[in-house]
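The values are calculated or read from the model by the stated rules, or taken from the named source; none is laboratory data. What you see is a predicted model; the values in this text were computed from it and never measured. All Cβ positions, even for glycine, are placed from backbone atoms using ideal geometry, and neighbour counts span all protein chains on display. All accessible areas refer to the heavy atoms of the entire protein, side chains included, with ligands and DNA or RNA removed. Shrake-Rupley method; radii C 1.70, N 1.55, O 1.52, S 1.80 Å.
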Amino acid sequence: MLQKNYWTPIIISILAGACIGLATLLIQEKQKITQFSYASSVQKATPSVVNIYSQIQHSNLNSTSQHSINLGSGVLATKSGFILTNHHVIQNADSIVIALNDGRRSEATLIGSDPSTDLAILKIDSPNLPNIKMGNSDKVSVGDRILAIGNPFGIGQTVTSGIISAKGRNSIGLNTYENFLQTDAAINPGNSGGALVNLNGELIGISSAIYSSTGGSQGIGFATPVNDAIAVMTDIIKYGEVVRGYLGMEAEKITPLLANNLSLASDSGLLVSDITKKSPADKAGIEVGDIILSINNTPSEDPFQIKRLITSLKPGTHISILGIRGQQSYQAKVLLEKQPTMQRVNH
């Protein structure tokens, strides 16, 4: 009996160690497989990515009606059927049909569109809709691996891979308000409105445009960050449009060279280049040639950042502006108004 009691704990320890070792090996093997496959991410995200067919009626010189079909992609953002896509995908459409990944088709209703960010919200009424899991685009880093899912050239749902090449691209000239994620994942015509997802299958962006001399992918694609897209979607669902603050001021970044050439009182900040008549900035007494040092205690060094700050605020919000006119500093209180409706040039 003594001999049996002596060996029993040892045998149990050996068996437990073997089980732990085997489990560790299996986990390591699974991690190795995951490193070389995006299958798990794709399986999570693809059911939520839809194909969009927009029909547009045309009248020719003989007054006969013809129609064309625009192809694009979209993302099921909610279980109730709200779909995120691009404005240019559904622009001027007379009817919009959604093709789900499971083969179902449904006619969509346009809830609202925002040309300034090239985003639109559609709605379908179907049961058991597989909405995508939302990520956080603020936590995306340059170099992160991502996947682009859409319907390029109408050939069917396609997945491409790449990385985040850059963040905060804001001078591309596509939209009024730009804050693009840049990626080298292949994005082609038809991908517009589709999903950019991380390796957890979470939505981090809406594929919007490509930079190309041929019309096809050349490794430079742009996506609207999901945090921006959600803010637009929330406003459109609630108000039917995006409600933005409006200042009515244009300004350019002051560089040491510009400050020296114009003998400015500061070599940093923003130089006011235009004031819209009867705008909040005009009513507050801000003038062309003023130097804006800060808005709401945020240093004014990037005109795109300031534009994003103003438009993120709602009409009726008071802001504080610290500026310089000539050699004299001043502080102005400004009451923001509602941003006038803007139309984007088609592309």
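Model label points for Lys278 and His318, set 7 angstrom from Cα along the Cα-to-Cβ axis, are 2.5 nm apart.
Note on Asn296/Leu262: beta-carbon distance plugged into 1/(1 + (r/R0)^6) with R0 of 35 Å gives a FRET efficiency of 0.85. Computed over protein heavy atoms with a 1.4 Å probe, the carbon and sulfur contribution to the accessible area of segment 91-146 reaches 42%.
If you average the C-alpha positions of segment 121-158 and of segment 273-292 separately, how far apart do those two centres end up, in angstrom? Rounded to whole Å, the Cα centres lie 41 Å apart. Gly245 sits among other residues whose Cβ lies under 11 Å from its own Cβ, and their net charge, with Lys and Arg +1 and Asp and Glu -1, is +4.
Scoring 93-106, 317-330 by mean Cβ neighbours within 10 Å over their residues and listing the highest first yields 93-106, 317-330. 3J(HN,Hα) couplings calculated from phi for segment 241-249 with the Karplus curve 6.51 cos²θ - 1.76 cosθ + 1.60 (θ = phi - 60°) are, in sequence order, 7, 8, 9, 10, x, 9, 10, x, 9 Hz; Gly and Pro show x.
Each other residue within a Cβ distance under 9 Å of Ala45 adds +1 if Lys or Arg and -1 if Asp or Glu, for a net charge of +1.
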